[in-house]
Structure formats: C-alpha cells, structure tokens
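Chemist: First the structure, then my questions, so here it is.
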Amino acid sequence: MATTTEAPTVNPDGTLNGHSPEGPLAEKWDNHKFNVKLVNPANKRKFKIIIVGTGLAGASAAATLAELGYEVEAFTFHDTPRRAHSIAAQGGINAAKNYQNDGDSTYRLFYDTIKGGDYRGREANTYRLAQVSTNIIDQMAAQGVPFAREYGGLLANRSFGGAQVSRTFYARGQTGQQLLLGAYQQMMRMVGIGKVKLHTRSEMLELVMKDGEACGIVTRNLVTGQIESHSGHAVVLCTGGYGNVFYLSTNAMSCNVTAAWRAHRKGAFFANPSYTQIHPTCIPAADEFQSKLTLMSESLRNDGRIWVPRSPDETRSADQVPDAERYYFLEEKYPAFGNLVPRDVASRNAKTVVDQGMGVGPLKNGVYLDFADAIQRDGADTIEAKYGNLIQMYERITGEDPYTTPMRIYPATHYTMGGLWVDYNLQTNVPGLYCCGEANFSDHGANRLGASALMQGLADGYFVLPYTIGNSLAPKLGTAPLPTDDEVFVEAENDVKERIARFMNIGGTKSPDYFHRELGKLVWNYIGMERDQNGLEKAISEIRALRDEFWKDLRVLGNTDTLNSSLEKAGRVSDFFELGELMARDALDRAESCGGHFRAESQTPEGEALRDDENFAHVSAWEWVDMDTPWIKHKEELVFEEVELTQRSYK
Ligand SMILES: Cc1cc2nc3c(=O)[nH]c(=O)nc-3n(C[C@H](O)[C@H](O)[C@H](O)COP(=O)(O)OP(=O)(O)OC[C@H]3O[C@@H](n4cnc5c(N)ncnc54)[C@H](O)[C@@H]3O)c2cc1C
C-alpha cells in the first residue's frame, strides 16, 4: 500500500502536509507501520539518537530506542530525571479498555478527544492515540506501576471531564509520579548497561543544523558553565510545555520553552501557540506576590460539587447557605455532563460567576468545590481513600479542612496544546528533528481533555516514535554523526556564548523574575481565558516595549562558570518574550473561538465558543523570520473524513 509520508512537508503553495497515511481511519496506523522503513537489529547500534528531556515522553522514548538497540544520549537540566514535571500529574491516564463495560471503545475515546479538542486536531493522530492507549496500560502495569484496583483485582477507573464513560486509570493522586518512576527505571536499566548515556544538569541552548537537517545540539553544563556540543543522527525534543509564559501556572517552576524555541528560530514551525489550557480546579492566588499556583486534580470533580452563593452580597460561611440559595452553575447549565464538563467550559463558567461578583474567599476570587454530599453518601473514609493526598495538600496550603469546609478553586494555566509542528511521524518540518509529548502540538486540538497528556507522552515515546524514526534513519546507514569540530557546531557554540555574554553585560537594575512577572501579567490579561482584538493588539505592543526594557535594564547576578539560576532564568525569560508575542499574533489571526481559545467577538448567544469552520479548520504553523519581521503563517488544512463537525454541546 502506498504511503503519503514521502511527500514534501511544505507544499509549493506554503501549506503543510501532515502525512496522514491513506486508507480507512482504523487501518492507517497498521498500514503505516508496515510501510515505514526498518533498520535491522544489527544496524541499530550504528545510529546515535539525541533525546532532550527525560520526563514521561523522553524517558519512555530513551528506554525503548535503547532497548531496540540504538545508541541514545539523553539530556535533562534537572539533577535527576525523576524531577521532570511529569511527576506532578495527579489525576490519571485515559485508555479505552472498557473494563467498566460502560460503552467505551477505541472509537469513543477517539471521538471524545477530537470533539473535546473542538475539531482542531488531526484525525489520524487522534485515532492512533486512542488505539495505542490500551498498550500503555498493559506496559505500565507489567512494569509494576501500582494502579488502583477494584475488589476483584481489575484495574480501577474514574471519570474525567468531557466523557460519559469511566476510562481514567490512576494511582491515587500520584499517577504521574508512579508512571514516571516506571519509565525512569526502564531508562536507568539502559543507562546501567551502557545503551543510554545520561547527561543531567545539561540545558540545551541551541539546535545545530547541517545542510537543512538537524545534526546535534549545544548544551550548557549548569554546574560548571561548560558549553558542549553533541552530535547525532536524529534529535528528539521531549521538553514539555510552555505554560510558564503566564508566570503563574500549575507547571513546575523550571518548565520553559527554550529548547523548542531555539529549534523554532532554526526553522522548526511553531503550531497553534495560542491554544493554552486553563484548568478549572486550582487553588486561587492568595496575594499578588505568589510565584506558583497549585492544581487540585480534576478527579475531584467526580465527587465534589461546584457552586457559588447566588447573592454577590453573601457573607455567611458555606455550610450556612441553604441549598436554594446556592448556584450549582455547571449542573444547572449542563445537566448531561454537570460538574464533568470539559476544562475550557468549566473554566469560563467559573470566570463568569466570579466576574459577576459571586466569587468566594477573602479576595472573592474562587468558587466552591464541595464534598459534603459525597461524604454523607459514601462516608469520609471513602473520600479519603480516593483523594486523601490531594485533600491533605489543600489543607497544608490554605489551612482549611475540605472535610468540613468546601475547597475554593479558580482556573489557572495548566497545559499547552500548541508546540512544535510535527507530522504523523512526529517529525518537525526540519528533517531529523522530532518532537514528542507536551512539546509538540499534535493530538489535542484546541483543548486537551483531562488525563490525555500522560497518554500522549507515553504513546509517543513507547509506541509511535520507535517505529516512525526508522524512516529518517534508514537512509543514513553508513554515515557517522557529524564531528563536533565541524564549523556548524563551532558557530552554534559561539552564538550561545555571545548570548550569555550579552545577558551578563547589560548591567541593569531589574531581575529576570521581575520581567517574567510583568510579562506574565500581560499574557494572562490579554491572551488568557478570553481575548479580543483590542487587547491582543495592545499585548503585542506592550510585550515588545517590555522586551526592549529587558534588553536594556536586566541585571544578572553571579558568574558564567558556576551554578547560576539568575542566568538560566534570563535565557528562559528572553525566549518567553518572543513566544508571548507569537501567542498574541496567533490569537489575533484566529478570529474564531475554539476550545481553550476564546475570542470574545465569536460566541453563541449563550456565551459558548463559536467556531468558524469555513475559515479556521486548520492548524496555524508559524515560521520564524527575524526579530524585525513578523512570522510567516503556514496552514495545515484539517480534513475530517470520519467525524462530522458540530457545535459542541455538553447539555
Ligand atoms: C499539576 C499538573 C497535573 C497534571 N496532571 C495530569 C494528569 O493527571 N493526567 C494527564 O494526562 N496529564 C496531567 N498533566 C499534564 C502532564 O503532566 C504533562 O503534560 C506531561 O507530564 C508532560 O510530559 P513531557 O514528558 O512531555 O514533559 P515533562 O515531564 O515536562 O518533561 C520535560 C523534560 O524536558 C527537560 N527539558 C526541558 N527543557 C530542556 C532543555 N532546554 N534542556 C534540557 N532538558 C530540558 C526537563 O528537564 C524534563 O526532563 C498535569 C500537569 C500539571 C501541571
């Protein structure tokens, strides 16, 4: 059977070819696996693959590629892969196992995911994700990941937003931690037998290209400041999401966009940057100087009921407000899905009631998530068994006991659906450069359903990349990685050194954190949960003005040859400035609402997101030109052969 993946990625008219294979949706992946080029087992050891990032996507890719026989070099800026942000994932991971017998199937998981993404995802990728979801659970359970179980021994499931079946596998409130430990131990086994060379505390600061292809990276050793070059036959970025462009987010403090951005500046297109997910269940900020927000897992919406007092003037404590005076706004507006509507819908509705003055808490910046009914129905012990660690975490942070006082929650930035553009093979438009996990744009459209990111990261690393990477490696058989004294490496190292010197020499008065906080305010206020044309135009000019100030008045402390978090932060913030501007431009260009991208000018009379399929059923992938020239937009038209595009309704 013919495959379309040989066609050029950029068509003559500038549009992009996502390389979805031919054939019926359910057969595409099998057909494609049969057609991709194979590298025979004895030849695999002749190829070196560079993997940047050792979270779920990177660790699973490194372990699998090494197990297959490839030579792998893996890089992380953390002191151990166990610190990757993946460890923070609480709620669970989706898979279409249908253990509950409640009507789930591969097709239903695919359908929920493509609909949940507001029909802005690529059909073939999303179907493949649903297909391999079941393999992930088998693989992780076999590795010993302690998923929760039913009394009969089968793995347990719970429900997440945007689905009417229970398909979320979990390990209490520590699913990401347990999964990462599983992937990590597999990778470390490969480190132990010498197939993976692990570089910790190494930050990738440049992608190196030769004749239009990716051939290596430049890193900075964060302890010694040493600038080093590394060469390989392929480079795989698994470097996570860019939610920290908002400054306040649920992401780990060190999450950033630098690796993807450096690749973007070298030619990799950045897709849908304005698709960011705002998660409805986070602890509201307590004051202006907070530097981090905490997520309360979506799983809590299984049992917690979300409400606000109907009166904006309410002063009584929650337990004193009678039922008739409570506004269970999600249950009332969306009876079919109730508190389990998708994240974008739940977030916008919480914002609406808070904007209307009905918010709760000292700053009136939250809504209640109340377990009183669930405790009465199932008993406090049951609730404790399901969510104990989350409840404990909430109590430690707020000093309030959720068993007696409802939690207070409010939306916060949580996940980024945008990222480097990749085709069906997870290859960017730069040959030899791949991207997996949250760092790519691929499977979630304009809104990720809960428990789908862990699924995607592990699908990419364990079950997709190990097949598809053969396509670009096989033709390179017999070639050695480029020597690191080649002029392209020397030039890239010099660029990195010059950039570092520039940060150190500004000698201004304000810290990287100051600029990050100010940038975050602009991004949240103008490119956050709701955007409009005026605000976005303002965002572009204000971000540019602040960026100019950054380059004139930045103060970086310390030296370049020691551990220097001020210097690390300066580099990351400077990349966030450019990304922030691109987010605003992308949001401005997309004059429709879809999923996590809500344009105030484009809404239904009921205030729901109003898509414009005629003009915007495409992926926007942006090409970097230079600092003074706006990005060039490339479209990938989204072709829907299987699903009919409808107005999403969760009523
Ligand atoms: C609080 C929270 C809870 C979540 N809960 C869930 C959940 O229950 N279910 C779900 O499906 N999803 C959840 N998510 C989303 C999910 O956790 C992430 O999308 C996913 O873990 C990302 O995995 P990743 O491997 O792509 O990236 P990460 O785990 O972020 O790993 C990135 C790696 O890249 C490295 N890196 C980055 N840049 C560089 C560089 N320049 N040089 C060297 N190394 C670099 C880092 O050191 C790290 O090793 C949650 C997210 C948050 C914020």
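Chemist: Examine the stretch 23-34 for a residue that is near the ligand (Cβ under 9 Å from one of its atoms) and hydrophobic (A, V, I, L, M, F, W, C), and state whether such a residue exists.
Modeler: no
Chemist: Out of everything in the stretch 454-473 that is hydrophobic (A, V, I, L, M, F, W, C) and farther than 14 Å from residue 129 by Cα, what residue ends up being nearest to the ligand (Cβ to nearest atom)?
Modeler: 469
Chemist: Against the conditions (1) more than 16 Å from the ligand (Cβ to nearest atom); (2) more than 16 Å from residue 434 (Cβ to Cβ); (3) basic (Lys, Arg), where does residue 48 fall short? Just the number, please.
Modeler: All conditions pass for residue 48, except number (2).
Chemist: Going by what's in this entry, would residue 294 be described as more than 10 Å from the ligand (Cβ to nearest atom) and out of contact with any Gly (no Cβ under 7 Å at 6 or more places or on another chain)?
Modeler: So residue 294 does not fit the description; no.
Chemist: Enumerate the pairs (first residue in the stretch 548-559 and assigned to a loop (DSSP other than H, G, I, E, B); second residue anywhere and among the basic types (Lys, Arg) and surrounded by 13 or more Cβ atoms within 10 Å (Cβ to Cβ)) with beta-carbon separation below 8 Å, excluding pairs fewer than 6 apart on the same chain, so at least 6 apart or on different chains.
Modeler: Every condition considered, the pairs that remain are 555/510.
Chemist: Assess whether residue 97 counts as being assigned to a loop (DSSP other than H, G, I, E, B) and either small (Gly, Ala, Ser) or within 30 Å of residue 477 (Cβ to Cβ) (or both).
Modeler: In short, no.
Chemist: For the stretch 265-309, give me each residue that is outside any loop (DSSP other than H, G, I, E, B) and of a type in the set (Val, Ile, Thr).
Modeler: Within the stretch 265-309, 276, 278, 281, 306, 308 meet the criteria.
Conditions (1) touching a residue at least 12 places away in the same chain (Cβ under 8 Å); (2) under 26 Å from residue 87 (Cα atoms); (3) in contact with a Pro (Cβ under 6 Å, 6 or more places away or on another chain), marked per residue:
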site: 265; (1), (2), (3): yes, no, no
site: 278; (1), (2), (3): yes, yes, yes
site: 297; (1), (2), (3): yes, yes, no
site: 318; (1), (2), (3): yes, no, yes
site: 328; (1), (2), (3): yes, no, no
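Chemist: Something else about it: Of (1) in the same structural domain as residue 356 (by TED's automatic domain parsing); (2) within 16 Å of the ligand (Cβ to nearest atom); (3) more than 24 Å from residue 524 (Cα to Cα), residue 333 satisfies all except one. Which?
Modeler: Going through the list (1) in the same structural domain as residue 356 (by TED's automatic domain parsing); (2) within 16 Å of the ligand (Cβ to nearest atom); (3) more than 24 Å from residue 524 (Cα to Cα), residue 333 breaks only (2).
Chemist: Could you grab me the full set of residues in the stretch 330-351 that are loosely packed, with under 14 Cβ neighbours inside 10 Å and farther than 18 Å from residue 450 by Cβ?
Modeler: 332, 335
Chemist: Given the condition outside the structural domain of residue 396 (by TED's automatic domain parsing), within 12 Å of the ligand (Cβ to nearest atom) and without any contact (Cβ under 8 Å) to a residue 60 or more places away in the chain, answer yes or no: does some residue in the stretch 233-252 qualify?
Modeler: no
Chemist: For residue 357, are the conditions met, namely being buried (at least 18 other Cβ atoms within 10 Å of the Cβ) and farther than 30 Å from residue 258 by Cα?
Modeler: Criteria not met by residue 357.
Chemist: Related question: State all residues of the stretch 105-119 that are within 16 Å of residue 649 (Cα to Cα) and part of a loop (DSSP other than H, G, I, E, B); if no residue qualifies, say none.
Modeler: Of everything in the stretch 105-119, those that are within 16 Å of residue 649 (Cα to Cα) and part of a loop (DSSP other than H, G, I, E, B) turn out to be 117, 118, 119.
Chemist: Is there a residue in the stretch 144-159 that is touching a residue at least 60 places away in the same chain (Cβ under 8 Å), within 16 Å of the ligand (Cβ to nearest atom), part of a helix (DSSP H, G or I) and crowded, with 20+ Cβ neighbours inside 10 Å?
Modeler: For the stretch 144-159, residues touching a residue at least 60 places away in the same chain (Cβ under 8 Å), within 16 Å of the ligand (Cβ to nearest atom), part of a helix (DSSP H, G or I) and crowded, with 20+ Cβ neighbours inside 10 Å: absent.
Chemist: Taking the options 117, 121, 92, name whichever one is under 22 Å from the mean Cα position of the chain (by Cα), within 13 Å of the ligand (Cβ to nearest atom), touching a residue at least 40 places away in the same chain (Cβ under 8 Å) and crowded, with 24+ Cβ neighbours inside 10 Å.
Modeler: Result: 92 is the single residue among 117, 121, 92 that is under 22 Å from the mean Cα position of the chain (by Cα), within 13 Å of the ligand (Cβ to nearest atom), touching a residue at least 40 places away in the same chain (Cβ under 8 Å) and crowded, with 24+ Cβ neighbours inside 10 Å.
Chemist: Failed condition for residue 447, given (1) within 16 Å of the ligand (Cβ to nearest atom); (2) assigned by TED's automatic domain parsing to the domain that holds residue 343; (3) touching a strand residue (DSSP E or B) at 6+ places or on another chain (Cβ under 7 Å), with all others met?
Modeler: Of everything listed in (1) within 16 Å of the ligand (Cβ to nearest atom); (2) assigned by TED's automatic domain parsing to the domain that holds residue 343; (3) touching a strand residue (DSSP E or B) at 6+ places or on another chain (Cβ under 7 Å), residue 447 misses just condition (2).
Chemist: Within the stretch 413-425, can you find the residues that are in contact with a Phe, Trp or Tyr (Cβ under 8 Å, 6 or more places away or on another chain) and buried (at least 24 other Cβ atoms within 10 Å of the Cβ)?
Modeler: 413, 416, 417, 418, 419, 420, 421, 422, listed by residue number.
Chemist: Name the strands (runs of 3 or more DSSP E) wholly inside the stretch 357-475 in which the number of residues that are of a type outside the set (S, T, N, Q) and farther than 17 Å from residue 297 by Cα is 2 or more.
Modeler: 433-435
Chemist: What single numbered condition from (1) more than 20 Å from residue 451 (Cα to Cα); (2) in contact with a helix residue (DSSP H, G or I) (Cβ under 8 Å, 6 or more places away or on another chain); (3) modelled with pLDDT under 95 fails to hold for residue 386?
Modeler: (1)
Chemist: If you go through the stretch 602-622, how many residues are among the charged types (D, E, K, R), in contact with a helix residue (DSSP H, G or I) (Cβ under 9 Å, 6 or more places away or on another chain) and buried (at least 16 other Cβ atoms within 10 Å of the Cβ)?
Modeler: 1
Chemist: Scan the stretch 185-212 residue by residue and report those that are closer than 15 Å to residue 69 by Cβ and without any contact (Cβ under 8 Å) to a residue 12 or more places away in the chain.
Modeler: 193, 194
The values are calculated or read from the model by the stated rules, or taken from the named source; none is laboratory data. Here the structure is a predicted model, which is why all the values come from computation and not from measurement. Don't worry about glycine lacking a Cβ; one is built from the backbone with ideal geometry, like all the others, and counts go over all protein chains shown.
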